[in-house]
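So the structure is just underneath, and the comments pick up after that.
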Amino acid sequence: MLILRELWKPGQVTLGGWCAIGSAFSAELLGRCGYDWIGIDLQHGLISQEQMIAMLQGLSGTGTPALVRVADSNPAGIMRALDAGASGVIVPLVESAHEAARIVQACRYPPDGTRSWGPVRASLGVNEYSPRSANRDVLCIVMIESPAAVAGLDDILTVPGIDAAFIGSNDLALSSGLARTFGPEPSAQLDLVMSIQLACRRHGIVAGIAAGDTEAVLRWHAAGFDMLALPSDIGLLVQGARASVGALRAAAGVKSARRGSDESIEV
């Protein structure tokens with residue numbers, strides 16, 4: 001299995017797929033599409049614990065590292081994801097250095113942390129798996145997505161063991177009273193996002209953000225982001241289906257006999 005940490009070098013961007021549908025097969029398919037990592041979303045995705053395990057099994061055969069976005073900062077959920085074989089965790093709504101330190105502790109075995117020994121799947125196929133090797137390889141990623149997190153950002157990023165900070169741009173905007181969507185033009189939201197990226201740069205922490213399309217990937221990469229999440233399986237399915245049906249109807253001059261596409265779908 002590729003160690004994702006080895007790809008995080010200055011100027012090197014990693015592109016991630018994102019699974020929100022609880023399907024081992026779709027996770028396996030994405031794992032064979034050239035992504036550097038695949039995210040499994042237990043916070044907002046439609047994925048159960050049992051499905052997460054099957055998805056990690058499917059991804060194991062592809063060699064693509066899997067990161068699990070856990071539901072919250074509860075150590076039990078973090079340890080379960082790592083024991084099931086996740087290469088690392090993405091933890092949402094982190095707002096203080098105290099909480100960040102607690103998350104790091106849950107990710108690593110003693111003496112570096114408090115992770116309980118029980119690597120049921122994590123040790124499978126890993127020669128000489130040990131607390132030391134696991135502590136070295138596992139990734140601990142915190143999400144910055146509230147005014148409180150921004151206010152405490154320098155303290156959060158100085159916590160030993162934090163590997164990356166991923167910006168939750170939608171929640172950051174909502175909690176800051178800003179528009180939920182934004183583009184490359186100057187705005188208060190863009191300034192806020194870039195202040196987080198610059199703080200990551202100062203502290204030598206990998207900065208991540210979601211990128212909805214090729215233009216956004218290029219823009220965020222140019223802005224110095226190292227870790228980019230591309231559209232989710234839901235987004236790819238909806239976008240591809242709409243484009244295919246729309247192109248075929250336009251080419252054939254055929255109108256739909258039913259109501260058109262549902263624009264309420266969140267992708």
- Determine the shape class of region 1-144: with a ≥ b ≥ c the square roots of the Cα gyration tensor eigenvalues, call it rounded for a/c under 1.5, and otherwise prolate if a/b is greater than b/c, oblate otherwise. rounded
- Query: With the contact rule set at Cα under 8 Å and sequence spacing of 6 or more, what percent relative contact order holds for the chain?
  - Reply: 17 percent
- Message: Out of the GluC sites (Glu not before Pro) in region 158-267, which ones are loop residues according to DSSP with at most 14 other C-beta atoms within 10 Å?
- Response: E263, E266
- Task: Go ahead and set up a Gaussian network model of the chain, Cα springs under 10 Å, then flag whichever of S130, S96, S23 fluctuates most.
- Result: S130
- How large is the charge dipole for region 62-139, taken about the Cα centre, if only the Cβ atoms of Lys, Arg (+1) and Asp, Glu (-1) carry charge, to the nearest 20 debye? 120 debye
- Here are several values of percent of Cα pairs over 31 Å apart: [x] 33; [y] 26; [z] 18. Which one was derived from the coordinates shown? [y]
- Result for region 1-157: accessible area per residue, probe 1.4 angstrom, in square angstrom, of 44 Å²
- Where the accessible area of region 1-73 is counted over protein heavy atoms with a 1.4 Å probe, how much of it, in %, is carbon and sulfur? 57 percent
- Query: What helices does the chain have that are whole DSSP H segments, at least 27 Å long along their own axis by Cα, and with mean Kyte-Doolittle hydropathy of 0.0 or more?
  - Reply: 233-252
- Query: Picking from A252, A106, M79, whose Cα lies most toward the positive end of the charge dipole for the chain (charges on Cβ: Lys, Arg +1; Asp, Glu -1)?
  - Reply: A252
- Query: Treating the beta-carbon of each Lys and Arg as +1 and of each Asp and Glu as -1, no other charges, what is the dipole magnitude of the chain about its Cα centre, to the nearest 20 debye?
  - Reply: 500 debye
- Relative contact order computed over region 1-82 (Cα-Cα under 8 Å; 6+ residues apart), in percent: 32 percent
- Message: Using +1 at the C-beta of Lys and Arg and -1 at the C-beta of Asp and Glu, which of G208, A241, P147 has the Cα lying farthest in the positive direction of the dipole of the chain?
- Response: A241
- Charge dipole magnitude, Cβ of K and R +1, D and E -1 - region 141-267, Cα centre, debye nearest 20: 620 debye
- Query: If you plug each phi of region 124-136 into the Karplus form 6.51 cos²θ - 1.76 cosθ + 1.60 with θ = phi - 60°, what whole-Hz ³J(HN,Hα) values come out, in order, with x for Gly and Pro?
  - Reply: 5, x, 9, 5, 6, 4, 8, x, 5, 5, 5, 4, 6
- Item | the chain - mean residue ellipticity at 222 nm from DSSP helices (-39,500 (n - 2.57) per run, n ≥ 4, rounded to 500) | -12000 deg cm²/dmol
- Note on the structure: Given trypsin sites (Lys or Arg not before Pro), DSSP loops and at most 14 other Cβ atoms within 10 Å, the longest exposed-site-free stretch of the chain is 33-179
- Label zone at L218, where the point sits 7 Å out along the Cα-to-Cβ direction: region 166-206 residues whose backbone N lies under 14 Å: 184
- Message: Give the separation of the Cα centroids, region 133-178 to region 36-68, in Å.
- Response: 21 Å
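The values are calculated or read from the model by the stated rules, or taken from the named source; none is laboratory data. Just so we're clear, the structure is a prediction, and the values are computed from it rather than from any experiment. Backbone-built Cβ (ideal geometry, glycine too); neighbour counts: all protein chains shown. Calculation scope for accessible area: heavy atoms of the full protein, side chains included, ligands and nucleic acids excluded. Shrake-Rupley method; radii C 1.70, N 1.55, O 1.52, S 1.80 Å.
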